[in-house]
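Notes follow the structure.
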Amino acid sequence: MAAVLCLSALQARAQWPYEAPFVPSPQVVVDEMLRLAEVTKDDFVMDLGSGDGRILITAAVKFGARGIGVDLDETLIYQSEAAAQNAGVAERVQFLRQDLFKTDLSKASVITLYLLQKMNVRLRPHLLALRPGTRIVAHDFDLGDWKPDFKTTVRKNVMLWIVPANIHGHWRLNLPLPGGAQTWELDIRQKYQEVDGVVRVAQQPPGGLWQAQLRGERVSFTLVDSTDRENEAMMYFEGVIKGNVMEGEMRRGVGNKQTRHKWRAERFKP
Ligand SMILES: C[S@@+](CC[C@H](N)C(=O)[O-])C[C@H]1O[C@@H](n2cnc3c(N)ncnc32)[C@H](O)[C@@H]1O
């Protein structure tokens, strides 16, 4: 409902020369966007289509962040610069008159969006190419079939995406099991942050890769160790992906029978 109302507010400004007209996010929505993205003083926030600059100015005033806003409208850029000056954060934020589709986004740790959905979808490949772990937070309009990692609705929808690492492909997993070290193969498929796959172990039918979760570079999943029928156990994996290597800690079993092991996997085919 809120999205429909908002869309009509945006469409009502049909005379605006740019694809998305200037409609400011209400201050409580700005606050919620920055809270959901967990912005801190170490973040570099980029607001694409920055309007009167309120998102960046709030990021600097309330969270101590730095950043850049871009907008095509020159008057809004001047207005934003004056507002940043008044708020005492002109040193921390910069406003540039430029096309958001031609803007280098690589410095951002957080990207904020209040644009129309078709613009968000056009931006999507550029967002997916950012450093894994980069947070993208949007007001009202989503990123098409890339589902948000988190969403809150308080008057308006606010959605958060975390750029996922590339985990797709075939991996060899070195496992320290009670009966001795083994190498298992994982075939992993990925659509955005959604992951599924199978595990192949010598002389056994393929098993499931359960409860897989990918947030930026952090991955977790569960496998079942059935190599010893008398001593089957769940194995809970947590780790980090860096390029073609993922590694971390695995907990095998539960309660006072649980053991902890280091694990490492290497991608041998994308
Ligand atoms: C809905 S307003 C959002 C303003 C601000 N981000 C906020 O949430 O309060 C969208 C803004 O995007 C700007 N805009 C539209 N197309 C753009 C483009 N291609 N490049 C840069 N800015 C653009 C408009 O001028 C407008 O100020």
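The values are calculated or read from the model by the stated rules, or taken from the named source; none is laboratory data. Keep in mind that this is a model prediction, so the values were computed, not measured. Here Cβ is always computed from backbone atoms with ideal geometry, including for glycine, and neighbour counts include all displayed protein chains. Just the protein is used for accessible areas: all its heavy atoms, side chains included, with ligands, DNA and RNA removed. Shrake-Rupley method; radii C 1.70, N 1.55, O 1.52, S 1.80 Å.
Overview of values
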{"read-out": "Per-region count, region 246-260, residues part of a strand (DSSP E or B) and open to solvent by less than 40 Å² (accessible area, probe 1.4 Å)", "value": "4"}
{"read-out": "Arg13, sole failed condition from (1) within 13 Å of the ligand (Cβ to nearest atom); (2) at pLDDT 95 or above; (3) part of a loop (DSSP other than H, G, I, E, B); (4) open to solvent by 20 Å² or more (accessible area, probe 1.4 Å)", "value": "(2)"}
{"read-out": "Extreme residue, nearest to the ligand (Cβ to nearest atom), among residues of region 67-91 that are crowded, with 20+ Cβ neighbours inside 10 Å and more than 19 Å from Tyr114 (Cα to Cα)", "value": "Ala84"}
{"read-out": "Output for region 163-176, where each listed residue is at pLDDT 90 or above and either of a type outside the set (S, T, N, Q) or on the phi > 0 side of the Ramachandran plot (or both)", "value": "Val163, Pro164, Ala165, Ile167, His168, Gly169, His170, Trp171, Arg172, Leu173"}
{"read-out": "Residue that is surrounded by the most Cβ atoms within 10 Å (Cβ to Cβ) [pool: residues in region 36-61 that are within 15 Å of the ligand (Cβ to nearest atom) and charged (D, E, K, R)]", "value": "Asp47"}
{"read-out": "Helices (runs of 4 or more DSSP H) fully within region 16-94 counting 1 or more residues that are in contact (Cβ under 8 Å) with a residue 60 or more places away in the chain and under 22 Å from Arg122 (Cα atoms)", "value": "27-36"}
{"read-out": "Residue check for Thr112: among the β-branched types (Val, Ile, Thr), buried (at least 19 other Cβ atoms within 10 Å of the Cβ), in the same structural domain as Pro17 (by TED's automatic domain parsing) and more than 13 Å from the ligand (Cβ to nearest atom)", "value": "no"}
{"read-out": "Filter pass, Lys102 being within 19 Å of Asp31 (Cα to Cα), open to solvent by 60 Å² or more (accessible area, probe 1.4 Å), at pLDDT 95 or above and charged (D, E, K, R)", "value": "no"}
{"read-out": "Tally of residues being modelled with pLDDT of 95 or more and out of contact with any Lys or Arg (no Cβ under 9 Å at 6 or more places or on another chain) across region 16-34", "value": "1"}
{"read-out": "Residue list for region 177-196, filter: at pLDDT 90 or above and assigned to a loop (DSSP other than H, G, I, E, B)", "value": "Tyr192, Gln193"}
{"read-out": "Members of region 108-133 that are among the hydroxyl-bearing types (Ser, Thr, Tyr) and over 23 Å from Lys156 (Cα atoms)", "value": "Ser109"}
{"read-out": "Single condition Gly243 does not satisfy, out of (1) modelled with pLDDT of 95 or more; (2) open to solvent by 70 Å² or more (accessible area, probe 1.4 Å)", "value": "(2)"}
{"read-out": "Among (1) in the same structural domain as Val23 (by TED's automatic domain parsing); (2) on the phi > 0 side of the Ramachandran plot, the one test that Gln203 misses", "value": "(1)"}
